[in-house]
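These notes are about the structure you will find just below.
The values are calculated or read from the model by the stated rules, or taken from the named source; none is laboratory data. From a predicted model like this one, the values you see are computed outputs, not experimental measurements. Every residue, glycine as well, gets a Cβ built from its backbone with ideal geometry; the counts of neighbours run over all protein chains shown. These area figures cover heavy atoms from the full protein model, side chains too; ligands, DNA and RNA do not enter into them. Shrake-Rupley method; radii C 1.70, N 1.55, O 1.52, S 1.80 Å.
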Amino acid sequence: MNARSALPFDNSFSRLPEQFFSHQHPSPVSSPELIRINATLALELGIDAQWLRSDEGVQMLAGNALPEHATPIATTYAGHQFGNWNPQLGDGRAILLGEVTSPSNGLRYDIQLKGAGQTPYSRSGDGRSPLGPVLREYIVSEAMNALGIPATRSLAAIITGDNVVRDHLLPGGILTRVAQSHIRIGTFQYFSARQDTASVKILADYVISRHYPEAAQTKNPYQTLLENVISRQAQLIALWQSVGFIHGVMNTDNMLLCGETVDFGPCAFMDTFHPETVYSSIDRNGRYAYNKQAPIARWNLSWLAQSLLPLMAEDEEQAVALAQEALNGFAATYQHAYDAVMCKKLGLNPSSPTSLMLIQNLLDLMNKEQCDFTLCFRFLAENLVPHKEKSSGISDFFHLPAAFNPWIEQWRCQVGKEFSDLGGIQTKLLAVNPAFIPRNHLVEEVIESANTRNDLSPFHSLVDLLEKPFDYHPEHSRYAQPPRPEQVVENTFCGT
Ligand code: AMP
Ligand code: MG
């Protein structure tokens, strides 16, 4: 097996005109070692995992050797970061090697090295990544996928053998990120801000053909594109909300047109439910709090709409009206998706007003009682059918306080009205309410042991466990438990 057969690259983005990217080779590192290969993903992508593990494979994943047919590029983009406009961002520490087409679903995927050295867009950055953020992204992105939430994926993690300078010296790492594409709202904004409508059109046509081919057949393909992206994003945010995921850095350059979650910097899953929770150390005003994620997504999408205006209609007023109409669809799509996913977690019928009232009452109770988000839902799933014998679930160590009892009675009654087979519903609930999520204190523990003891076994254990977040085993109860007070992580950091 050689690189050519292991990685059948075909690089459509690099065939776009030169204003979209810069050719950029990764910078070599001194002594790369493989941490992990995602063999399941490799198989899905038609990449030979055995080859990836070989010396040649590891040299490629470290950026020390280029596979045949790679066209390494760094892409350009702009974006609103925490609401502030930055006209020139771009891949400052990520290099796209090329694209492969998955034999399992026929879709095209980017293979990108994150932390592979400086590019023309690095500004004052070193183009590198400490190991910690590489491990965090690997854990969280793969956990999201196992939870059924669209997200970029992690094909491999490498330790470079070189230190990176942050507050202290930290070991360096490289993540191989896989995405349906890395085109961001900020990619559109870059050209739109320069009033380069020709490039906006090239990009929009590219996105349509790669991600929304049906749009090409419609009366107004660019309006359809906008509507489709809005719809995918609204559904994505509803899924985030349903697992208590807080992205933390929802800048317009961190929202992908393909609808996958991207950038796992200061993200976290909520432990105790509180709608205003913020983790990111840089989000001082709570702009990206849990309960702001839907309105912020809409705000970001309004910038995509703005960029597409000249393509949607020649008459500006008409274009604005079409964009407005598409944006107005966000709220309804989001609400519909949110109601559906929350009802699914509770075995309720989303078309019943009682169901929606029950969800709201539950969230109010969880907030008042400072209840763990994940365990609350898992406990309910385990206890839909009252049982006398001792369970072997999270109910071994977690109970909802008595204040929930009237609600639980109402809920059982409502589920019973809709469905006769409660046992069957219970099995379904256990398959959608995870026992395990990448809790922040667990992720920190993994990073700490990698950084200070050079011990990656906690990383592997956590990744293995999170592949099956719905399968509870009592011997893993430690991973299902919320942090003890001294383990609570208040802030997460970008780690750039
Ligand atoms: P992020 O916070 O990861 O969304 O990154 C925001 C911007 O900063 C992007 O243009 C990144 O490429 C760039 N950036 C972040 N960290 C680094 C780094 N260590 N070196 C160079 N550029 C970076
Ligand atoms: Mg980013």
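Table for the structure above
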quantity	calculated
Hits in region 260-272 - residues which are more than 16 Å from ligand 1 (Cβ to nearest atom) and open to solvent by 10 Å² or more (accessible area, probe 1.4 Å)	ASP271, THR272
Test: residue in region 304-326 that is in a helix (DSSP H, G or I), open to solvent by less than 60 Å² (accessible area, probe 1.4 Å) and closer than 28 Å to LEU429 by Cα	no
Contacts under 6 angstrom Cβ, first residue in region 310-326 being in contact (Cβ under 8 Å) with a residue 60 or more places away in the chain and within 22 Å of ALA198 (Cβ to Cβ), partner crowded, with 17+ Cβ neighbours inside 10 Å and of a type in the set (S, T, N, Q), 6 or more apart	MET312/GLN223; LEU322/GLN223
Test: ILE296 is outside the structural domain of THR152 (by TED's automatic domain parsing), within 16 Å of ligand 1 (Cβ to nearest atom) and surrounded by fewer than 23 Cβ atoms within 10 Å (Cβ to Cβ)	yes
All helices (runs of 4 or more DSSP H) inside region 349-436 with 2 or more residues being within 28 Å of the chain's Cα centre (by Cα)	353-369, 373-382, 422-430
Scan of region 197-225 for residues that are over 19 Å from VAL262 (Cβ atoms), of a type outside the set (Ser, Thr, Tyr) and in contact (Cβ under 8 Å) with a residue 60 or more places away in the chain, ordered by number	VAL200, LYS201, ILE202, ALA204, ASN220, GLN223
Residues of region 246-259 classified as farther than 17 Å from VAL134 by Cα, within 12 Å of ligand 1 (Cβ to nearest atom) and small (Gly, Ala, Ser), total	0
Region 128-187, subset in contact (Cβ under 8 Å) with a residue 24 or more places away in the chain and among the acidic types (Asp, Glu), residue farthest from HIS211 (Cα to Cα)	ASP162
Test: GLU227 is within 19 Å of ALA297 (Cα to Cα) and open to solvent by 30 Å² or more (accessible area, probe 1.4 Å)	yes
Tabulated pairs, region 43-62, first assigned by TED's automatic domain parsing to the domain that holds SER30 and touching a residue at least 12 places away in the same chain (Cβ under 8 Å), second open to solvent by 50 Å² or more (accessible area, probe 1.4 Å) and in a helix (DSSP H, G or I), C-beta under 7 angstrom, 6+ apart or interchain	ALA49/LEU43
Residue check for GLY248: within 14 Å of ligand 2 (Cβ to nearest atom), among the small types (Gly, Ala, Ser) and more than 26 Å from GLU369 (Cβ to Cβ)	no
Selection status of LYS428, touching a residue at least 40 places away in the same chain (Cβ under 8 Å), basic (Lys, Arg) and within 23 Å of THR354 (Cα to Cα)	yes
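For (1) of a type in the set (Asp, Glu); (2) over 17 Å from SER181 (Cα atoms); (3) open to solvent by 40 Å² or more (accessible area, probe 1.4 Å); (4) at pLDDT below 95, each residue gets a yes or a no:
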{"position": "ALA6", "(1), (2), (3), (4)": "no, yes, no, yes"}
{"position": "PHE20", "(1), (2), (3), (4)": "no, no, no, no"}
{"position": "HIS25", "(1), (2), (3), (4)": "no, yes, yes, no"}
{"position": "ARG36", "(1), (2), (3), (4)": "no, yes, no, no"}
{"position": "ALA39", "(1), (2), (3), (4)": "no, yes, yes, no"}
{"position": "LEU45", "(1), (2), (3), (4)": "no, no, no, no"}
{"position": "LEU61", "(1), (2), (3), (4)": "no, yes, no, no"}
{"position": "PRO67", "(1), (2), (3), (4)": "no, yes, no, yes"}
